[in-house]
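Here the structure comes first, spelled out in structure tokens, and everything after it is commentary.
What follows draws every value from the coordinates through simple rules; no lab data is involved. These figures come from a predicted structure and were not determined experimentally. Note that we place each Cβ from the backbone using ideal geometry, even for glycine, and neighbour counts take in every protein chain shown.
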Amino acid sequence: MKYYVVADVHGYYTELKKALDEVGFFADTEPCKLIVCGDMLDRGNEASKLIELMLRLKKEGRLVYILGNHEDLLVQCLQEIARGGVHEIASGMSAHYFNKTWDSLLQIGEMSENEAYKSPDELVRRVMQSPFYKELLPIGVDYYETPNYVFTHGWIPCFAEGYRPLVDCKYNPDWRNADAGNWRCARWFNGMDLACKFKIIEPGKTIVCGHWHTSYGHAYIEERCSEWGENADFSPFRAEGILAIDASTPRSGKVNCVVIED
């Protein structure tokens with residue numbers, strides 16, 4: 001099977017389509033799937049077009065949707081609005097505002113900021129009845145596995161305290177059976193650090209991940225460019241046991257798409 005793999009598209013439909021066109025995804029007539037390694041929305045303003053494409057691929061049986069931390073944030077934001085927290089979110093006093101989760105909900109619900117502020121219950125209703133919430137989120141998985149690869153968002157659960165592992169992380173051979181809380185934490189991990197510094201990899205396989213911009217690995221692990229400067233490299237980062245592909249689309253203006261046959 002051939003897999004076209006992207007991560008952290010963050011609502012940038014145009015950049016995703018360009019990346020898929022360049023690798024021949026839409027012209028491919030052989031059996032293939034698109035794997036989205038989390039963070040489909042938040043940041044960009046093309047949520048509707050992106051959702052429409054994903055729904056079409058789902059209907060065709062060609063979509064694998066892996067949950068990212070921004071999927072978790074979207075559900076959390078919606079719950080907070082339902083509990084009466086719209087003022088804090090809409091007024092910029094919540095991380096949901098700066099993370100653009102609030103903006104994503106407005107796009108999904110097809111409401112202006114003023115309309116949603118005045119009628120938060122209607123926003124919640126529209127989002128919960130939307131194809132994104134009813135058809136795409138339910139098919140989201142923590143990871144997807146093939147004979148030689150594991151696809152996930154941040155990394156596999158690895159016995160770390162808090163959201164970012166420091167010195168207390170270690171390989172957990174039973175990571176596939178981790179509970180929902182551990183998977184939510186793992187979606188925030190920096191896979192490049194875990195693979196290269198802590199040597200937490202899956203024996204015999206390569207973990208393909210997103211979440212953390214690849215310029216970090218090129219700058220601090222390979223030590224050959226800057227993280228955010230003019231010579232920053234947002235191309236895929238490869239090392240033993242890892243293939244990281246988050247291109248930081250809001251900064252780089254591109255989406256990395258790798259093609260894997262397995």
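Out of residues 5 or more away from E46 or on other chains, whose amide H comes under 5 Å of its own, with H placed 1.01 Å from N in the peptide plane?
Long-range HN contacts for E46: Y13.
Around G217, under 12 Å between beta carbons, what's the net of Lys plus Arg minus Asp minus Glu among the other residues?
-3
Give me the distance between the Cα centres of region 188-203 and region 230-253, rounded to whole Å.
15 Å
I need to check one value: relative contact order of region 112-262, counting alpha carbon pairs closer than 8 Å and at least 6 residues apart, in percent.
RCO, region 112-262: 18 percent.
Taking just the C-alpha trace of region 57-170, give me its Rg and Dmax in Å.
My reading of the Cα-based Rg and Dmax gives 16.8, 51 Å.
Quick one: which residues, 5+ away or cross-chain, put their amide H under 5 Å from the amide H of I207? H built at 1.01 Å from N.
V150, E202, I242, L243
Whole-Hz Karplus ³J(HN,Hα) for region 30-42, in order, using 6.51 cos²θ - 1.76 cosθ + 1.60 and θ = phi - 60°, x for Gly and Pro?
8, x, 7, 9, 9, 9, 9, 8, x, 6, 5, 10, 6
Below 8 Å between Cα atoms, with a sequence gap of 6+, how large is the relative contact order for the chain in percent?
After rounding, I find 22 percent.
Which order do the peptides 46-53, 63-70 come out in when sorted by mean C-beta neighbours inside 10 angstrom, highest first?
The most tightly packed comes first, giving 63-70, 46-53.
Taking Rh as the Kirkwood radius computed over C-alpha pairs, what is the Stokes-Einstein D of the chain at 10 °C in a medium of viscosity 1.306 mPa s, expressed in µm² per second?
84 µm²/s
Taking R0 as 25 Å, what FRET efficiency do you get between A239 and Y171 from their Cβ-Cβ distance, rounded to the nearest 0.05?
Calculated value: 0.95.
Report, in cubic angstrom per residue, the convex hull volume of the C-alpha atoms of region 117-262.
161 Å³
For the pairs K17/K134; K2/K58; K33/K170, note any where the Cα-Cα span goes beyond 26 Å.
K33/K170
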